[in-house]
Amino acid sequence: MKTIIVDPFPREMDLIFSRDKLVYLKKNFKLINAPIKNKKHFYEKNISNADFIIGQPNLSKTILKKAAKLKAIFNIESNFIDNMDYEYCFTNGIYVLSTAPVFAQTVAEIAVGFTLSLKREIHQSHMDFMNNKEKYGLESNINCSLLKNNTLSFIGFGDLAKKLKPLLEPFTNNFLAYDPWLPNKYLEENNCKANSLKEIFKKSDVIYVLSTITTKNKNMIDKKLLNLMKKNSCLLILSRANVVNFKDLLQISKKRKIKVAIDVFPEEPVKKNDPIRKSKNILFSAHRAGALKSVFYEMGEIVFEDLNLINQGLPPKLCRKAEPETVRMLRSRPVEIN
């Protein structure tokens, strides 16, 4: 019987696997639960027996050398973290897989909601009404505009952008994109015009920040770029917060020239006294865009299917594979809240 080390924090097995799937795994595999503390000692003792790991533990080369049977590590935190010797895994045929693709549709859908609320100030109108400050008719729409025929831009064109773009196509066919990891031809085949960051911030009516954080792009969206944005244009931060210089963003937002929606923050939970909380032209969302129970079950589904494929000697098809050329540059921070 094959062995799975179960180390899913911050997830739990019954959050991501349906009851039927859990029953199947318990019946057909030996499950070894990792402890919350003393994990290094645990892995030094147990990794030699493991065929699979469900989790994203710290795995040095010294520990991985003991993993003679290990076929795959399923990262269900969904970010490739700089916490294991990926080179050893690649060299020794150990798949490192992420469940990140499951979040694309749910984040894409809420992104459309954020966009419409920013364009028409739905959230602000609601708060004004609650505070007996509502304005009626045209007076309430002075800074509002249609989404129709806007120029919309994607910073990062991965799973999320590919789910979001079709939802926006009824409104416009003017799409720009910036992604240094993709060829221009690929972007153009997806009906996006490849542009520089500078041009995107100058031309766009709505900008979606969807890129992952790397060694090269931390704080790349700064006041120089933000100051290029048109009056009443919209910036939606939906992926890795550290791509944006939040200090600069706070300064720009105070001018109330642009509209902003934020789902992810450099530090979470956000401190109660963080000055960003007082920004009146930001639509806030507490890292909730992807968190639906159905999505976590989908996470379990793709792990289950790929695990069974690998167990049959076949390559995984549904989870995202860590790639040697790019995983070394990723600098995502682990989340601690589901």
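The values are calculated or read from the model by the stated rules, or taken from the named source; none is laboratory data. Here the structure is a predicted model, which is why all the values come from computation and not from measurement. Quick reminder, even Gly has a Cβ in these numbers, built from the backbone with ideal geometry, and neighbours come from all protein chains shown. Calculation scope for accessible area: heavy atoms of the full protein, side chains included, ligands and nucleic acids excluded. Shrake-Rupley method; radii C 1.70, N 1.55, O 1.52, S 1.80 Å.
Brief remarks follow.
- Of all residues in the stretch 214-260, those being touching a strand residue (DSSP E or B) at 6+ places or on another chain (Cβ under 9 Å) and at positive phi number 2.
- Hits in the stretch 174-193 - residues which are surrounded by 14 or more Cβ atoms within 10 Å (Cβ to Cβ), farther than 24 Å from K119 by Cα and in contact with a strand residue (DSSP E or B) (Cβ under 6 Å, 6 or more places away or on another chain): L187
- Residue that is open to solvent by 30 Å² or more (accessible area, probe 1.4 Å), out of contact with any Asp or Glu (no Cβ under 8 Å at 6 or more places or on another chain) and hydroxyl-bearing (S, T, Y), where the choices are Y43, Y24: Y24
- Among the residues of the stretch 258-282, just one is small (G, A, S) and surrounded by 22 or more Cβ atoms within 10 Å (Cβ to Cβ), namely A261.
- Listed by position, the strands (runs of 3 or more DSSP E) contained in the stretch 1-56 that have at least 1 residues being under 23 Å from F80 (Cβ atoms) are 2-7, 52-55.
- Single condition Q312 does not satisfy, out of (1) modelled with pLDDT of 95 or more; (2) open to solvent by 20 Å² or more (accessible area, probe 1.4 Å); (3) more than 28 Å from E12 (Cβ to Cβ): (3)
- Residue, most open to solvent (accessible area, probe 1.4 Å), within the stretch 52-83, restricted to residues that are among the β-branched types (V, I, T) and under 28 Å from E301 (Cβ atoms): I81
- Of the candidates R11, R19, the single residue that is open to solvent by less than 20 Å² (accessible area, probe 1.4 Å) and under 22 Å from N311 (Cβ atoms) is R11.
- Of everything in the stretch 194-223 that is open to solvent by 60 Å² or more (accessible area, probe 1.4 Å) and within 22 Å of the chain's Cα centre (by Cα), the residue that is nearest to M329 (Cα to Cα) is T215.
- Of all residues making up the stretch 194-212, the number that are part of a loop (DSSP other than H, G, I, E, B) and closer than 17 Å to V112 by Cα: 3
- Residue check, K255 out of contact with any Leu (no Cβ under 8 Å at 6 or more places or on another chain) and either open to solvent by 70 Å² or more (accessible area, probe 1.4 Å) or not hydroxyl-bearing (S, T, Y) (or both): yes
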